[in-house]
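Data block below; observations after.
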Amino acid sequence: MRIVLLHMPWGAIDVPSLALGILHTAAARAGHRVEVRYANLDFVDWAADTAGFGVDDYQYFSEKSYFQGAGDWAFAGALYGDDGDPDGDGDGGDGSDGDEAGFAGYFAYLAANGASEREIALTRATRAIAPAFVARLVEEIAADPPDLVGFTTTFQQNTASLAAAKLLKERCPEVRTVFGGANCDGPQGAALHRNFPFLDYVVRGEGDAAFPALLAGGDLSAVPGLCWRDGSGRPTVNAMPKHPLPPGAIRPPRYDGFYERLDASVAAGWVDPKLVLEGSRGCWWGEKHHCTFCGLNGSSMEFRSKRPADFLAEVLALAERHRLLDMYVVDNILDMGYFDTVLTSLAELPVDLRLHFEIKANLRRHQFQLLGDSGAAQVQPGIESLSTRVLRIMDKGVTGCQNVRALRDAQSAGVSVTWNYLYGFPGEQPADYESVIRQLPVLHHLDPPTGAGRIAIERFSPYFDRPELGFAITRPAFQYRATYRLPESELAELAYVFTAPPRGIGGPLAERLGTAVDTWLARFPDSRLSYRDAGGRIVLVNTRAGYDWRVAELTDPVEVAAFRLLAQPRSAAALAARVPGGAAAVGPVLDRFTALGLLFHDGDSYLQVAVESDNQVLMRMQHRHGPAAAHPRTEEVLDALATG
């Protein structure tokens, strides 16, 4: 059988599709001829040539606008065969529901969610050109039709994939069409299959075994999770698998052709290519405590990880085969067993890998060091908040001080951190944010969040499944009504993002949080707070704009002892029990440390926030931005003072 697997816009352009890479391996091992076509790169080249598309334009759809659905809306005209205004009255509606789902209503929705006039104009212009791209793509496939075309759809790939599948089925009715991917999990996949009859099959859940079983023919009713049509064309939905795929059955991806295609694309000048791979599926923390807002694991939370030797071999084989060292590991959480196995082995190898992992934020200093030594240039710890009370509402299993410690210790180990600040949780109070906002200038030297935003209600999350947690009324987010011509009952099955009356903080306080985060982002490149422990004294260097001192020394034995003890979160009482002079000595020390901006305080816990002076992030940031013009290099100052 000849198979074409399509990766449509708005898939990421710097990495191949892990899903299609795995299916390529599975189908090829079964003896099928497989071509993976990166139609997202085809679109980049075509749109750059015909419409002047640039990297920011593509990434607006692929990264920035997911929760507003701009990417799917832009291809909806190609799916439904119109320009978004089929009744011709200029409002964008179809004459049956007013203009709620029309151009004007959708553009107002984008604007209310932060889209600029340029981004709104880009969205409209992209919708106008999308049908021509889909027609061109299908024409090329139809010129030599394969037996089967498979689409992976995740995030904003639904309508582009649907539009291509629909037109392909019209041109080549004999070609079988298959959908799979995160957008097809659980009821979403059944809704796609039910509402779009040009889809022959939809694979729900993990496709590693289901896709080869489908290709093999035989009894389709025995393929777990599969949606298919009986002899009369009636949709049939098989039950989801009872158990997830064991780790030994997770195949390594095959990325033949992607990097050559990227090299030939205009996108080669936009992005640096990376490898993408997985060591595990599911979430070991979520099995115990499902974070209330998270729907990422879909229908399968059970944690499974590959044998350390297998994962290590896969990492090294992919790096050698494709001559790339940058790797994005997509696991929802790093297997703690990999520290003493995979990471230790990588740290000992003479290979300069640059890895991205998702981790839990309560790691300790030596674990961050091992991450850095193994090549983890960036981690995503799922910080989300610096308030212990809000973190408990999320069921994160960490405290605010532990999250700040993660930021500090990661930077000390030369590992950068990416995270978001979330708000809008039922039960949160203004005080949970007021204290944090006041203290953010203390943290300007640590990796800032990429932004602050209200949580969305995601399918499969506890907030979606358990209304008693605070979101009793949910409906599909507005973009689904603006994009699909389906009744509300069907949208409720197809949607992943939902809306509900807002909870928690809002208004001026949410704006203050956003402004404070923006200030942090702006000041981070020039902000430093580093220390060196010189035995009997601690030498600190500061460049944060909110504090007017440059160099400080701690020489008093109580201060030195307290500073060292506050490497871990401690209460004033716990600190008093361990330093000379007890409570009478601790009060003045905490006051001085607070005045110098050395402490983060949450509840009854304090943590010192200075970074170890020999960290690698300082060198990276100096290389990226150059040292601040008014300041000598931090390392030189610390060396001189510590030895003086």
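Here are a few things to note about the model shown:
- Taking the average, over residues, of other Cβ atoms within 10 Å as the packing measure, peptides 397-410, 330-343 rank 397-410, 330-343 from highest down.
- Efficiency of FRET from Cβ geometry, residue 239 and residue 466, R₀ 30 Å, rounded to 0.05: 0.85
- Simple label model, 7 Å out from Cα along Cβ direction - residue 548 to residue 591, nm: 2.0
- Rounded FRET efficiency, nearest 0.05, which uses the C-beta distance separating residue 172 from residue 287 and R0 of 45 Å: 0.50
- Treating r as the C-beta distance of residue 574 and residue 349 and R0 as 41 Å, the FRET efficiency rounds to 0.50.
- Helix 507-523 axis versus longest C-alpha principal axis of the chain: approximately 70°, rounded to the nearest ten.
- Entries of 64/360; 64/396; 64/288; 242/288; 64/274; 169/242 with Cα pairs more than 28 Å apart: 64/288; 169/242
- Aspartates and glutamates whose Cα lies under 14 Å from that of residue 306, excluding same-chain neighbours fewer than 8 positions away: 278, 314, 331, 335
- A 1.4 Å probe run over the protein chains yields, for the stretch 166-219, 33 Å² of accessible area per residue, whole-number rounding.
- Pairwise alpha-carbon distances in the chain exceed 31 Å for 57% of all pairs.
- Rg of the Cα atoms in the stretch 299-410, relative to 2.2 N^0.38 Å, amounts to 1.14.
- Per-residue ³J(HN,Hα) for the stretch 295-306, Karplus 6.51 cos²θ - 1.76 cosθ + 1.60, θ = phi - 60°, Hz, x for Gly and Pro: x, 5, 7, x, 8, 9, 8, 4, 7, 9, 10, 5
- Separation in nanometres of the label points that stand 7 Å from Cα toward Cβ, at residue 260 and residue 518: 4.8
- Largest accessible area first, the listed residues 344, 388 line up as 344, 388 when surface is computed with a 1.4 Å probe on the assembled protein chains.
- Cα gyration tensor shape of the stretch 414-464, rounded if a/c is under 1.5, else prolate or oblate by comparing a/b with b/c: oblate
- 1.4 Å probe accessible area per residue over the stretch 266-418, in Å²: 37
- Solvent-accessible surface of the stretch 568-614, taken per residue with a 1.4 Å probe and all protein chains present: 42 Å².
- Of every Cα-Cα pair in the stretch 497-567, the percent that sits beyond 16 Å: 66
- Angle between the chain longest axis and helix 117-142 axis [Cα atoms, degrees, rounded to 10]: 50
- At a Cβ-Cβ separation cutoff of 4.7 angstrom, cysteine residues of the chain with no neighbouring cysteine are 172, 184, 227, 283, 401.
- The helix-only estimate of mean residue ellipticity at 222 nm for the chain, built from DSSP H runs of length n ≥ 4 each weighted as -39500 (n - 2.57), is -12000 deg cm²/dmol after division by the residue total.
- Carbon plus sulfur fraction of accessible area for the chain, probe 1.4 Å, in percent: 52
- Paramagnetic reach from residue 142 in the stretch 192-218 [backbone N under 20 Å; point 7 Å along Cα→Cβ]: 196-201
- The C-alpha atoms of the stretch 154-258 occupy a region whose extents along the principal axes are 40, 35, 25 Å, arranged from largest to smallest.
- For residue 394, solvent-accessible area (1.4 Å; no DNA, RNA or ligand), Å²: 0
The values are calculated or read from the model by the stated rules, or taken from the named source; none is laboratory data. Computed from a prediction, not measured in an experiment: that's the story for all the values here. Ideal geometry is used to build each Cβ from the backbone, glycine not excepted, and the neighbour counts take in all protein chains shown. Surface areas here come from the heavy atoms of the whole protein model, side chains and all, with no ligands, DNA or RNA. Shrake-Rupley method; radii C 1.70, N 1.55, O 1.52, S 1.80 Å.
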